């Protein structure tokens, strides 16, 4: 009755979209995707569908999983993502069989370490990963703040200026790429990004078509950046007015000098000017920069925890 087969490019795109939209439709930070969105996902510099599988029950699509391996990385590390089962086929062992097939695929391609994630309140996902021997290695938080009153606790730091990125200037994309790689070199699961990946994130990623980048400079030297964005489709679908801080980084030697706070405030002011009522962002609870203290000082509060799991195949 149950069959797990490989994704067929040029044929299964509508199947992926249909399963994704039903299986993940109740997540508050995930919106409906279109065929165009999925096409842009597949065009991402690091993406490939080599480990994407579809589950069928008596010939009907029942679920999917992606045993993803970053094609630009030299590490023998894989990821389990898009593990979803349609409601009518849950509790029939479909999720377990999909996960088993994904791990077999990783193993056959020489993967030695596999990561996965689950929201802490998604007990079925947590149980499934733990039953396969995955161990929780990291916790991240989604945090939120109202934009109604930004307050004045953090004013402009001495010697720090914040300017907008010049859109259409390739040197600015290269600058953002350099700052991103240097600021995050000590972080969990770090891998250097190429300029092409940075450009894709700014201009091709389907979800955040409204974005703004700000650079922080000290004595005319760029030392940090922030990327803010609005997913118009998510807001319309979920009936919310969310803005997002997508990324923020400050070079190590310039931390704890007010640079990060000024970048955050600039991004929040811009989001408020776009009509947003709340701002959200994801943060690693064990972020080596101690970023959580900055966010708490700015008034952010935790709304959800995500668990990152790891399994050694070697």
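Values quoted throughout were computed directly from the atomic coordinates according to the rules given, and no laboratory measurement underlies them. The structure presented is a predicted model; accordingly, all values stated were derived computationally and were not measured. With ideal geometry, Cβ positions are generated from the backbone for all residues, glycine too; neighbour counts draw on all protein chains shown.
Between (i) 37; (ii) 25; (iii) 29, which entry matches percent of Cα pairs over 30 Å apart as derived from the coordinates of this structure?
It is the value labelled (i).
Picking from 120, 171, 146, which is most flexible by a Gaussian network model of the chain using Cα springs under 10 Å?
171
Taking the Cα atoms only, what angle lies between the long axis of helix 13-23 and the longest principal axis of the chain, rounded to 10 degrees?
With rounding to tens, the tilt is 80 degrees.
Ranking 282, 82 by Cβ neighbours within 10 Å, fewest first, what do you get?
Details: 282 15, 82 20.
By the 10 Å Cβ count, ascending, the order reads 282, 82.
Among 170, 284, 231, determine the one that fluctuates most according to a GNM of the chain built with springs between C-alpha atoms less than 10 Å apart.
Greatest mean-square fluctuation among the candidates belongs to 170.
What is the fewest-to-most order of 254, 106 by other Cβ atoms lying within 10 Å of their Cβ?
Numbers: 254 18, 106 24.
Lowest count first: 254, 106.
How do 304, 112 rank when sorted from fewest to most other Cβ atoms within 10 Å of their own Cβ? Write out the running numbers ahead of the final one.
Numbers: 304 16, 112 13.
In order of increasing Cβ crowding within 10 Å: 112, 304.
Calculate how many DSSP beta bridges within the chain are antiparallel, expressed in % of all such bridges and rounded to the nearest 5.
Bridges in the chain that DSSP calls antiparallel: roughly 90 percent.
Report, to the nearest 10°, how far helix 259-273 tilts away from the longest principal axis of the Cα atoms in the chain, using its own Cα long axis and a range of 0 to 90°.
The helix 259-273 is inclined about 80 degrees to the chain.
I want the antiparallel fraction of DSSP beta bridges within the range 143-305, as a percent rounded to 5. Provide the component values of the computation, followed by the final result.
Values: 26 of 29 bridges.
Of those bridges, close to 90 percent are antiparallel.
Distance between the C-alpha centers of the range 241-314 and the range 104-146? Whole Å please.
Spelled out, the Cα-based centre of one part sits 21 Å from the other.
Which one, 201, 168, 249, has the greatest fluctuation when you compute a Gaussian network model over the chain with C-alpha springs under 10 angstrom?
168
Where the centroid of each part is defined by its Cα atoms, how far is the range 165-210 from the range 4-22 in Å?
When both Cα centres are located, 29 Å separates them.
Calculate for the chain the 222 nm mean residue ellipticity that helices alone would give, adding -39,500 (n - 2.57) per DSSP H run of length 4 or more and normalising by residue count, nearest 500 deg cm²/dmol.
Numbers: 9 runs with 95 residues, N = 314.
About -9000 deg cm²/dmol.
Which whole-number percent gives the relative contact order of the range 143-305, counting Cα pairs below 8 Å spaced six or more residues apart? Don't skip to the end; give the middle numbers.
Values: 253 pairs, mean separation 52.5, N = 163.
So the answer I get is 32 percent.
Against the longest principal axis of the chain, how steep is helix 94-108, in degrees 0 to 90 to the nearest 10, with axes from Cα atoms?
80 degrees
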